[in-house]
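Peer 1: Before I ask anything, let me first share the structure, which is written out below as structure tokens.
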Amino acid sequence: MREIRTVIFDWDGTLSDSISRIVECMRGAAELIGVPLPGEQQVRDIIGLGLPEAVAMLFPDIDDPSLTRRLTEAYSQYFVAQEQTPSPLFDGVLDTLAELRQSGYKLAVATGKSRRGLDRVLKSHDLTNFFDATRCADESLSKPHPRMLEEILNRLETPATNAVMLGDSEYDIRMAHNARVRAVAVSYGAQSREHLLQSQPEHCIDAFSEFRSWILSPVNSAPVGKTISIPVSRG
């Protein structure tokens, strides 16, 4: 088994405890526009996709482009307003990220959020220059297409076999498989352990704190050189 050198994280539901806020905002947008309200689990099941793809899957009966546009705009406005108080990171996230970075791992984010949305939350958590690479659905292709991972790996000069993707949805796991990247699922986010296991991740954790012991285990860890301290790009 090849050692891990690059760790790629989903954001919502993996690093950030934002799932309930996403559900609330999507249901609020639907109510405002006057379309049938989706159930909580229905919204959870589309988290991870880019917003256009999520809306298309969640509201398949809407065939009016102007209504779809109003719905996506309403969701974005609700979410930005709610994020004036940023969704918290899960317990142990900051400490584990700092330890991995200090140990020489390259760190990245691949998210269904927009570039503007990701930049906003990174700034709110003082992580703007923390990750070595980030990719968003509106500048690439939505999960589960592998392009976001392929672009990150190319930028960081990392073979797919030396990378792992950590995510809370089937789209994260399927994207990793499509990119031939190792996949670890988290069961504390959008989707249940039972649902995630259907996508066959290599491992599944029930709390973020469990990821540290998994990745730093002898079978996965290896000397990866000195920590890079130069400013990192978010492209």
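The values are calculated or read from the model by the stated rules, or taken from the named source; none is laboratory data. Only a predicted model underlies this, so the values are computations on that prediction, with no experimental measurement involved. Virtual Cβ from ideal backbone geometry, glycine too; neighbours counted across all protein chains shown. SASA here: full protein model, heavy atoms, side chains in, ligands and nucleic acids out. Shrake-Rupley method; radii C 1.70, N 1.55, O 1.52, S 1.80 Å.
Peer 1: Based on C-alpha coordinates, I'd like the Rg and Dmax of the range 1-69, in Å.
Peer 2: So, for the range 1-69, Rg and Dmax equal 15.2, 52 Å respectively.
Peer 1: Next question, about the same structure. From the phi of every residue in the range 167-179, what ³J(HN,Hα) in whole Hz does the Karplus formula 6.51 cos²θ - 1.76 cosθ + 1.60 yield, where θ is phi - 60° and glycine or proline is x?
Peer 2: x, 10, 9, 4, 5, 5, 5, 5, 4, 4, 4, 5, 8
Peer 1: Sticking with this one: Quote to one decimal, in nm, the extra length available between residue 207 and residue 160 on full extension: 0.36 nm per residue of separation minus the C-alpha distance between them.
Peer 2: 14.4 nm is the gain from fully extending residue 207 to residue 160.
Peer 1: Just from the alpha-carbon atoms, what are the Rg and Dmax of the chain in angstroms?
Peer 2: 17.3, 56
Peer 1: Moving to a separate point now. What number comes out for accessible area per residue over the range 172-212 if the probe is 1.4 Å? Units Å², please.
Peer 2: On a per-residue basis, 45 Å².
Peer 1: Right, another one. Tell me which of 195, 54, 217 sits at the most positive position along the dipole axis of the chain, charges placed on C-beta atoms (Lys, Arg +1; Asp, Glu -1).
Peer 2: 217
Peer 1: Just to be sure I understand the model, the point goes 7 Å from the Cα along the line to the Cβ. What's the resulting residue 178 to residue 69 distance in nm?
Peer 2: The modelled label-to-label distance comes out at 2.7 nm.
Peer 1: Taking 7 Å along the Cα-to-C-beta vector as the label spot, tell me the residue 42-residue 195 distance in nanometres, rounded to one decimal.
Peer 2: Distance between label points: 1.4 nm.
Peer 1: Residues of the range 1-104: accessible area per residue at 1.4 Å, in Å²?
Peer 2: Computed with neighbouring chains in place, this is 49 Å² per residue.
Peer 1: Another one. Subtract the Cα-Cα distance of residue 82 and residue 119 from 0.36 nm times their separation in residues, and report this length gain in nm to one decimal.
Peer 2: Going from the current span to full extension adds 11.7 nm.
Peer 1: How large is ³J(HN,Hα) for each residue in the range 187-204, as worked out from phi by the Karplus curve 6.51 cos²θ - 1.76 cosθ + 1.60 (θ = phi - 60°), to whole Hz, x for Gly and Pro?
Peer 2: Rounded to whole hertz, the list is 9, 9, x, 6, 10, 6, 4, 4, 5, 5, 5, 5, 8, 6, x, 5, 8, 9.
Peer 1: Shifting gears a bit: Could you please state how large a percent of the accessible area of the range 122-215 is carbon and sulfur, counting protein chains only and using a 1.4 Å probe?
Peer 2: 42 percent
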